[in-house]
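Peer 1: Quick one: this structure, given as structure tokens, is what I'll be asking you about.
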Amino acid sequence: MPKQPNKLINEKSPYLLQHAYNPVNWYPWSEEAFEIAKKDNKPIFLSIGYSTCHWCHVMEQESFEDDSVAKILNENFIAIKVDREERPDIDHIYMEVCQALTGSGGWPLSIFMTPDKKPFFAGTYFPKESIQNHIGFKELLNIIIHRWKTSREEIVESAEEITKIIRLSLTNLQPEPLDQYILEKTFNSLELSFDKEYGGFGTKPKFPTPHTLLFLLRYSVHFKSNKALKMVEKTLIQMYKGGIFDHLGFGFSRYSVDEKWLVPHFEKMLYDNALLMMVYAEMYQITKKQIFREITEKIITFILRDLTNPEGAFYTAIDADSEGVEGKYYTWTIEEIKLVFNDNELDYVKSYYNLSDKGNFAGRNIFNLIHQSDDNLLDNELIKSIRNKLLEARKKRIPPHLDDKILTNLNALMITSLAYVGRIFRDYHLINQAEKAFAFIEKNLLTKDNRLYARYRDGEVKYQGYLEDYAYLIWALNELFLSTSKDRYLELSHKLYDSVMKYFKDMVGGFYHTSKDSEQLIVRIKPLYDGALPSANSVMTMNLLQLAEITDNSCMAIKARDQFHYFSGLLNYQPSAYTYMLSAYLYYKADKRKIVIVTNKNNPHLTRILNEYYNKYLPFTTLIVLFKEDILTSDLFSEYASVNADIAMFMCENYHCDEPIYDVDIIISEIKKLTELD
């Protein structure tokens, strides 16, 4: 008898559709589900995850596909499934609950709550049956059923109290004095947790946290700290050497379960790779070491080949599992490798990639370069040939699931990275790719009144945009302007900024995660924690400073200052948890320089000037190129319309502007002299 679908069958989310044929009577998050829970006096079981989540798959196989578990859930609960990537507003709130109640979090996120959405119990993955000190899901369900029947008033009171505490913790922020010492305090904290042998911070598991690496690079310039620079360099090299990087198909996995970066959690996320592109490109810019450019280009190859749709937008992630086994697509036995190479080639492959008969992952091999010296990492023709043969063999395997939904925030992040890296590398193909992806967002997810939607899939646009959608797209538009000189991007950036101020700004301080006209949940939060991604409030703060610098709008710089003041208590308490916000603070405190070049689009000398400029790492300098043909039709930079020379360079440092320079050789000479200000 064929399986019968549940109510998730009508959804577009790949994650929800994965559960559409579970015997559990799943509901999507909807008023219908809550009304039925109220009518039937049943508690709600809320399960939050995403389609490429390994432990989500495990819990599904063990519990949600099990008829006995489904029977308990269906008879005693209203079960709701949420895709955290489509509904980050729901996920943020209940993850705060889980972390407050248990001290940790993760996915799948398992929440038990009353019909009015107030939580009373939280956890993450539960095995079906109890194991040692880990309670089983069936046992937990039966305990909650018993308590709901015998002590419901206590549960409701507990849920009310938990909700009050969460509301208070997320809204009752106390400003404190904030000064530049917070930057040194952050560095000292990171230095204490730095792994000198393998790079990264803390022990296992290890996450790339690229925005922390970006903070350290800026810190190294501002404080002339070679130690900070070396911490980043060590981390980037060791990450690349490890199995967290796919040495055959490229791209970084989500994180490493060990301290060596050897054994990854094999899922590949768009956002990790977008941010790591920036870090590796900046490290190339600083050190001029070819390995960092090569790694950046490999990440780009992976994204454009495996995560890009025909219209230029970007998919969300690739699963860790294939054929129900984590890492099966990416790992090899020696017998499998023997089928690809002759004996001489086999010996070389085993030696170069550190492979053995017993393997390094459940009897199989993860390709890695951990044993190689740092000087032996660049590709040669033999390695390229070997890799191509292995890739051809790998293509015959059943590939892992691709989450092909288009998310506005993650696409904006990828657009940002392509525009930025394209500028550094002087690679206009990357900038064109960024423009193509933005054209998709503009066509499908941006309304005429400058509002955003969060998700596109299979022709369907859904969910009002969240703060991160606006914050990341403003960032992308700023970078597109700086890379193309097209002022339409800057104009649209301002329009989205106006939408943020209208719909997300709290006059007390900070920006809410959801708009004022969105669905009202149990609390309206203001995200600040810079976790896997920089938070929307951190990115908005940097956007304010970037726009202030580009357009000489001091009001935006004041708004950024207000952000620092409002969140100062949190920043002082645990600065290493807010490294992107502190990157913004470092940018705010640093002496800055602005360079404006005015010329014609066909000026042959412009390429020489830009090549010289982007040969330097100048994180506190803003370079704007204006074309005289465009200035005449733009209100943004009309003060430069009077330039009559073929080319002119205006340089301003700390609110003081020098006389313009009109001679190309002198301009290039001045660019060559540039270093960041003290």
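Peer 1: How much length is gained on full extension from L636 to E653, taking 0.36 nm per residue of separation minus their Cα-Cα distance?
Peer 2: 4.1 nm
Peer 1: Please work out the Cα center distance from region 428-496 to region 320-399, rounded to the nearest Å.
Peer 2: For region 428-496 versus region 320-399, the Cα centre distance is 39 Å.
Peer 1: Lysines within cross-link reach of K502: Cα-Cα under 22 Å, excluding same-chain residues under 8 positions apart?
Peer 2: K448, K462, K516, K526, K559
Peer 1: Report the one residue of H605, L236, S538 whose Cα lies farthest in the direction of the positive end of the charge dipole of the chain (charges on C-beta: Lys and Arg +1, Asp and Glu -1; origin at the Cα centre).
Peer 2: Working it through, the farthest residue towards the positive pole turns out to be L236.
Peer 1: Please compute the net charge surrounding I334, taking Lys and Arg as +1 and Asp and Glu as -1 over other residues with Cβ under 10 Å from its Cβ.
Peer 2: Around I334, the charge tally is +1.
Peer 1: Checking the table K241/K384; K241/K328; K241/K298; K7/K81; K12/K117 against a 22 Å threshold on Cα-Cα, which pairs fail?
Peer 2: Exceeds cut-off: K12/K117.
Peer 1: Can you tell me the 0 to 90 degree angle between the C-alpha axis of helix 290-306 and the longest principal axis of the chain, rounded to 10?
Peer 2: Around 50 degrees separate the two axes.
Peer 1: Also, quick follow-up: Does region 7-171 come out rounded, prolate or oblate by the C-alpha gyration tensor, with a ≥ b ≥ c the root eigenvalues, rounded set by a/c under 1.5 and, if not, prolate when a/b is larger than b/c and oblate if not?
Peer 2: Because its axes are fairly even, with a/c under 1.5, region 7-171 counts as rounded.
Peer 1: Could you work out the relative contact order of the chain? I mean the mean sequence separation of Cα pairs under 8 Å and 6+ apart, divided by the number of residues, in percent.
Peer 2: For the chain, the relative contact order is 11 percent.
Peer 1: Another question, then. Take every DSSP beta bridge with both residues inside the chain and express the antiparallel ones as a percent of the total, to the nearest 5.
Peer 2: Numbers: 42 of 57 bridges.
Taking every DSSP beta bridge with both residues in the chain, the antiparallel ones total about 75 percent.
Peer 1: Take the cross-link list K185/K224; K128/K358; K436/K486 and give me the ones stretching past 22 Å between alpha-carbons. Intermediate values should be presented prior to the final figure.
Peer 2: Working: K185/K224 16 Å; K128/K358 31 Å; K436/K486 14 Å.
Beyond 22 Å: K128/K358.
Peer 1: Stretched out fully, how many nm does the piece from L378 to E345 gain, at 0.36 nm a residue minus the Cα gap?
Peer 2: In short, 10.0 nm is gained.
Peer 1: Could you give the size of the charge dipole of the chain about its Cα centre, using +1 on the Cβ of each K and R and -1 on the Cβ of each D and E, expressed in debye and rounded to the nearest 20?
Peer 2: It works out to roughly 380 debye.
Peer 1: State whether region 174-318 is rounded, prolate or oblate according to the following rule on the C-alpha gyration tensor (a ≥ b ≥ c being the square roots of its eigenvalues): a/c under 1.5 gives rounded; otherwise a/b larger than b/c gives prolate, and the remaining case gives oblate.
Peer 2: In terms of gyration-tensor shape, prolate.
Peer 1: How far, in degrees from 0 to 90, does helix 536-551 lean away from the longest principal axis of the Cα atoms of the chain, to the nearest 10?
Peer 2: The angle comes out near 20 degrees.
Peer 1: Shifting gears a bit: Return the calculated 222 nm mean residue ellipticity for the chain, to the nearest 500 deg cm²/dmol, obtained by summing -39500 (n - 2.57) across DSSP H runs with n ≥ 4 and dividing by the residue count.
Peer 2: Computed ellipticity for the chain at 222 nm equals -15000 deg cm²/dmol.
Peer 1: Next question. Fewest first, what order do D646, D498, D375 take by the number of other Cβ atoms within 10 Å? Walk me through the numbers on the way to the answer.
Peer 2: Numbers: D646 14, D498 11, D375 7.
Ordered by Cβ neighbours within 10 Å, fewest first: D375, D498, D646.
Peer 1: Compute, for region 7-171, the length of the dipole vector about the Cα centre, with Cβ point charges of +1 (Lys, Arg) and -1 (Asp, Glu) only. Units Debye, rounded to 20.
Peer 2: For this selection, approximately 200 debye.
Peer 1: With axes computed from alpha carbons, what is the tilt in degrees of helix 554-566 against the longest principal axis of the chain, rounded to the nearest 10 within 0 to 90?
Peer 2: Helix 554-566 sits roughly 40 degrees off the main axis of the chain.
Peer 1: Which far-off residues, 5 or more places away or on another chain, put their amide H under 5 Å from the one on L623, with H placed in the peptide plane?
Peer 2: Those qualifying (amide H under 5 Å, at least 5 residues apart or on another chain) are I595.
Peer 1: With a cap of 11 neighbouring Cβ atoms within 10 Å, and only residues DSSP puts in a loop, list the GluC sites (Glu not before Pro) found in region 301-345. Can you show the working numbers first?
Peer 2: Numbers: sites: E311, E323, E326, E335, E336, E345; in loops: E311, E323.
Sparse-neighbourhood loop GluC sites (Glu not before Pro): E323.
Peer 1: Evaluate E = 1/(1 + (r/R0)^6) for E184 and E75, where r is the Cβ-Cβ distance and R0 equals 41 Å; express this FRET efficiency to the nearest 0.05.
Peer 2: 0.10
Peer 1: Can you work out the FRET efficiency for the pair D458 and R608, with r the C-beta to C-beta distance and R0 = 60 Å, to the nearest 0.05? Don't skip to the answer; put the middle values down first.
Peer 2: Numbers: r = 47 Å, r/R0 = 0.79.
Once the sixth-power term is evaluated, E becomes 0.80.
Rule-based calculations on the coordinates, nothing more; no lab input. Note that this is a predicted model, so its numbers are computed, not measured. Glycine gets a Cβ as well: all are built from the backbone with ideal geometry, and neighbour counts include every protein chain shown.
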